[in-house]
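Presented below is the structure to which this report refers.
The values are calculated or read from the model by the stated rules, or taken from the named source; none is laboratory data. The structure presented is a predicted model; accordingly, all values stated were derived computationally and were not measured. Note that we place each Cβ from the backbone using ideal geometry, even for glycine, and neighbour counts take in every protein chain shown. Just so you know, the surface numbers come from the protein's heavy atoms only, side chains and all, with ligands and any DNA or RNA stripped out. Shrake-Rupley method; radii C 1.70, N 1.55, O 1.52, S 1.80 Å.
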Amino acid sequence: MDNFSAFLSFMTFVLLLKQILIVDGISDTTTDDGFIGILGAIVDNSSRIGKEESIAMQIAVEDFINTSNQRLDLKIRNSQGDPLQAALAARSLINTDQVQAILGPRTWEEVSLVAEIGSKRHIPIMSLADATPEWATELCTFLVQASPNKLKQMEAITAMVQRWEWHQVTIIYEEKDFSATALLSHLSNALKEVGAEISHYVALPSLASSWSEHLEGLKISQNRMFVVHLSLPLAIELFEKAKRMKMMEKDCVWIITDPFASLVLSLNASTISSMQGIVGVKSYIPKNEPHFRDFHDKFFQRFSLEYPEEENHEPSIFAAQAYDAAWTVALAMREKKQGRPQILSNILQSDFHGLSGKVQFTNQTISPAHTFQIMNVMGESYIELGFWSDGLGFSQTIGESANFSSSMNVMGQVSWPGGTRDTPKGWSPPTSANPLKIGVPTRASFKQYVEVEMEKDHLGNNLSFSYKGLAIDVFKATLDELPFDLPYNFFPFDGTIDALVEQIHLKNFDAAVGSISILANRYQHAEFTAPYTESGLVMIVPVRSRTREKAWLFIKPFTNAMWVLIGATSIYNGFVIWLIERNHCPELKGSISNQVGTLIWLAFSTLFSLNRNKLKSNLSRITMVVWLFMSLVITQTYTAKLASLLTLPQLEPTVVDVFALQNSNAMVGCAGASYISKYLEEVLHFHHNNIKNFSGADEYAPALRSQEVAALFLNLPLAKVFLAENCKSFTMTGPTYNVGGFGFAFPRGSQLLSSVTQAMLKVSEKGTLQDLEQKMLASQECMDMDPEEDECLSLSVSPSYFWVLFLFTGSTSSMALAIYIFRAYNSK
């Protein structure tokens, strides 16, 4: 009995010691000196990826045993893709099988539960999920991300979108796919950097039977550029439905990503036939490496034996990653009786080239993939077009001899859906079943550009809206120049232009037509066609008569310079004649004061009182003749100019520039709820209190006439209309400030934009645009216009009109004076 008690105590001690060693991460359950531990794995054997991972892990453990002469047991559990089953499998592996580490699972939903269990028991978990949040590895210190993230794959897709000049992308992904969030966010940011955007996010539920509404929406949408990020079963279902709905035809673009892209080889011929023309971006495997070829042969043989139902037995990137993960853990467990923290430390210090690429960890995460393969589904399989490498671009080969380029021309020719070799547009014009929804502003200040009216029947009931104006006419003329039919419907919008443009961004409208100024801040919501009007911001002010000071009207015919020149010439000619004639005429002699007075009198009276009989010298006679001729021309010009000033007074602006307005602290006006008020305040530096916003165009003229505002600032196209109605009382003055003209707004990256802009240029080049504008302006009746006042008079006459005459008479007088002085000198 005592012997039995002693034996029982001994066994209790052994079991207790064993449990302590297990808690510390040391397992010594065998006396085999070559045994180093047990490795657990959780896979989904109901999926192709799970089957590949299972075979690859077994091969990795066998290779490790054969090369190290150590024994490592591998325990694999099937989770069937169920997170709860994965959690139960993890508990079984830890508590029953006493594993030192766990490989897998593949989905984040499974990993999150397994990681929580593993971290509590200090069991390293090698996650093979596509993406693991950064916070997860911080929270679960024993969680290691062993599958590289695919963020760079999104940049490869972006490079393709940029190369083929697509602007809008539709993303199709699985509704419950956690990994899609980070990938799609990265893709969205990358697309924005190259001028493209994600126009639609289509989240497909797990049940394909509920896809009808989603797929019908895709079929009627204009965008035909699709990026598919789905699991294998859902992707197969999608393309089979897409083919039945005739969405795999010309002008459609389909790009697939991992995991589906890497599993195309596993598909049967029937499924492949529904995917013709698809382009894929998949993870790169260095297949030519001896290590991978050896693995390939072992995998092919074992996979065909264990899963004969599978038509293809080639290993994918997921098999290579599973092999690398198992090999990494096996290397970390080489030393016997290691604690689990030491195994984790060994894993994180790994640094070698595996089947899938570089195996190295940073912050518990394996290094990301930087090289991807571009493939094109064609025939019964696919062709390899080339490669994309981060920071290098596209290439047809990989390695030291690779020639990289930002252009895809270095790769092979793509066969697109429909069998075409021409690059698809990636969009289709709207159809009558889904016409464009075009917003038209109802608050336009000038109805000549756009006017929305409600049509009523004889009983006063509302029937429909009518749309007219220059903007509408130009838009219709533009559509006539398009090489395809563009169905559309106008819809009234009762709001500001900024709000209308924002509605395009919110996808409430497909476009906007009206007097929409092209502004930089509006580009965040939409893009614009070329302007169909002149661009610029101008100042309109009242006019006043230049002859308002009638007492001085007699000096207006000539400029001040002209009067000074006439006086100087007269005095000079009078001096020459006086000097020459004074020896012959006693009246020209006397005291100095008398001679000065006589000279001045002679300068202005000789023309009328001294005839040629009183002039004794031929020199003075020649001077007189030339001066008389010039005087005749000048006096006749003066008479005509003065007569015109008396009959048709000239007009001038009350303000000539913005500086005069600012110095006088004057009020200025502009259209309410427009960008002009901000422009006046921030660019032209008007004080906020000196800017008055008007709600309608009918307020402009009364405000200017009553001097409520000293000037009005309008867009140049609207200013033309305003002056056509008020062509006598107001005028444009000052410089034209450079701002955008009027254009039509479309969504950012709209495929229609380039076609509409090109058609609009044709309208302009044919003269149609100018004819429409002239027709609009001609229809405006000027209420305060005098029919006989066709144009304003020219400014006062300046010396530039008569400089030849002044030069002629001055030269003649100077020559006469020179000859006279020469003779006088020689006679001494």
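Things to note:
- Residue pairs whose Cβ atoms lie under 6 Å apart, sitting 6 or more positions apart in sequence or on different chains, and linking a residue in the range 321-350 that is in contact (Cβ under 8 Å) with a residue 40 or more places away in the chain to a partner that is open to solvent by 50 Å² or more (accessible area, probe 1.4 Å), are GLY339/ASP24; ARG340/HIS122.
- Restricting the search to strands (runs of 3 or more DSSP E) fully inside the range 445-518 and requiring at least 2 residues that are at pLDDT below 85, surrounded by fewer than 19 Cβ atoms within 10 Å (Cβ to Cβ) and not basic (Lys, Arg) gives 451-456, 462-468.
- Near pairs, Cβ below 8 angstrom, 6+ apart or cross-chain, from the range 130-143 (closer than 15 Å to PRO341 by Cα and among the aliphatic types (A, V, I, L, M)) to any residue that is open to solvent by 20 Å² or more (accessible area, probe 1.4 Å) and outside any loop (DSSP other than H, G, I, E, B): LEU143/SER119
- Only residues that are of a type outside the set (Phe, Trp, Tyr), out of contact with any helix residue (DSSP H, G or I) (no Cβ under 6 Å at 6 or more places or on another chain) and touching a residue at least 12 places away in the same chain (Cβ under 8 Å) were counted across the range 396-409, and they come to 5.
- Within the range 305-315, the residues that satisfy the criterion of being surrounded by fewer than 24 Cβ atoms within 10 Å (Cβ to Cβ) and touching a residue at least 12 places away in the same chain (Cβ under 8 Å) are GLU306, TYR307, GLU310, GLU311, ASN312, HIS313, GLU314.
- Counting residues in the range 371-391 that are of a type in the set (A, V, I, L, M, F, W, C) and in a loop (DSSP other than H, G, I, E, B) gives zero.
- Filter result for ILE171 (among the aliphatic types (A, V, I, L, M), surrounded by fewer than 23 Cβ atoms within 10 Å (Cβ to Cβ), modelled with pLDDT of 90 or more and farther than 25 Å from LEU238 by Cβ): no
- Residue match in the range 563-571 (condition: part of a strand (DSSP E or B) and surrounded by 20 or more Cβ atoms within 10 Å (Cβ to Cβ)): no
- Counted residues, the range 420-434 - those being open to solvent by less than 30 Å² (accessible area, probe 1.4 Å), more than 22 Å from the chain's Cα centre (by Cα) and modelled with pLDDT of 85 or more: 1
- Flag for LEU628 being modelled with pLDDT of 85 or more and either in a helix (DSSP H, G or I) or surrounded by 16 or more Cβ atoms within 10 Å (Cβ to Cβ) (or both): no
- Residue in the range 35-77 that is farthest from the chain's Cα centre (by Cα), counting only those that are closer than 16 Å to ILE317 by Cα and among the small types (Gly, Ala, Ser): ALA60
- Index of the failed condition, GLY104 passing every other in (1) at positive phi; (2) in contact (Cβ under 8 Å) with a residue 40 or more places away in the chain; (3) open to solvent by 10 Å² or more (accessible area, probe 1.4 Å): (3)
- Residues of the range 320-343 satisfying the condition of being in a helix (DSSP H, G or I), more than 18 Å from ASP294 (Cα to Cα) and open to solvent by 20 Å² or more (accessible area, probe 1.4 Å): LEU331, PRO341, GLN342
- Some residue of the range 100-108 being touching a Gly at 6+ places or on another chain (Cβ under 8 Å) and over 30 Å from LEU234 (Cα atoms): yes
- Considering only residues in the range 349-372 that are buried (at least 17 other Cβ atoms within 10 Å of the Cβ) and hydrophobic (A, V, I, L, M, F, W, C), the one that is nearest to the chain's Cα centre (by Cα) turns out to be PHE372.
- The conditions of being modelled with pLDDT of 90 or more, in contact with a strand residue (DSSP E or B) (Cβ under 6 Å, 6 or more places away or on another chain) and closer than 30 Å to LEU230 by Cβ are not met by TYR307.
- Of the strands (runs of 3 or more DSSP E) lying entirely inside the range 197-304, those containing at least 1 residues that are surrounded by fewer than 16 Cβ atoms within 10 Å (Cβ to Cβ), modelled with pLDDT under 95 and under 36 Å from the mean Cα position of the chain (by Cα) span 197-204.
- Check on MET783, at pLDDT below 85, open to solvent by less than 90 Å² (accessible area, probe 1.4 Å), more than 30 Å from HIS200 (Cβ to Cβ) and among the aliphatic types (A, V, I, L, M): no
- Selection of the range 132-149 for residues being aliphatic (A, V, I, L, M), touching a strand residue (DSSP E or B) at 6+ places or on another chain (Cβ under 9 Å) and surrounded by fewer than 22 Cβ atoms within 10 Å (Cβ to Cβ) yields only ALA136.
- Set side by side, the residues ALA156, ALA180 differ, and just one is of a type in the set (A, V, I, L, M) and surrounded by fewer than 23 Cβ atoms within 10 Å (Cβ to Cβ), which is ALA180.
- In the range 190-243, the residues that are basic (Lys, Arg) and over 21 Å from PRO424 (Cβ atoms): LYS192
- Any chance VAL111 is within 22 Å of LEU355 (Cα to Cα) and open to solvent by less than 10 Å² (accessible area, probe 1.4 Å): no
- Residues satisfying the stated conditions in the range 391-418, i.e. open to solvent by less than 50 Å² (accessible area, probe 1.4 Å) and not hydroxyl-bearing (Ser, Thr, Tyr): GLY393, PHE394, GLY399, ALA402, MET408, VAL410, MET411, GLY412, VAL414, TRP416, PRO417
Per-residue answers, yes or no, for (1) touching a helix residue (DSSP H, G or I) at 6+ places or on another chain (Cβ under 8 Å); (2) free of Cβ contacts under 8 Å to residues at least 60 places away in the same chain:
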{"position": "ALA444", "(1), (2)": "no, no"}
{"position": "VAL452", "(1), (2)": "no, yes"}
{"position": "PRO483", "(1), (2)": "yes, no"}
{"position": "PHE491", "(1), (2)": "no, yes"}
{"position": "LEU500", "(1), (2)": "no, no"}
{"position": "ILE516", "(1), (2)": "yes, no"}
{"position": "SER535", "(1), (2)": "yes, no"}
{"position": "MET539", "(1), (2)": "yes, no"}
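- Flag if GLY734 is modelled with pLDDT under 85 and in contact with a Ser or Thr (Cβ under 9 Å, 6 or more places away or on another chain): no
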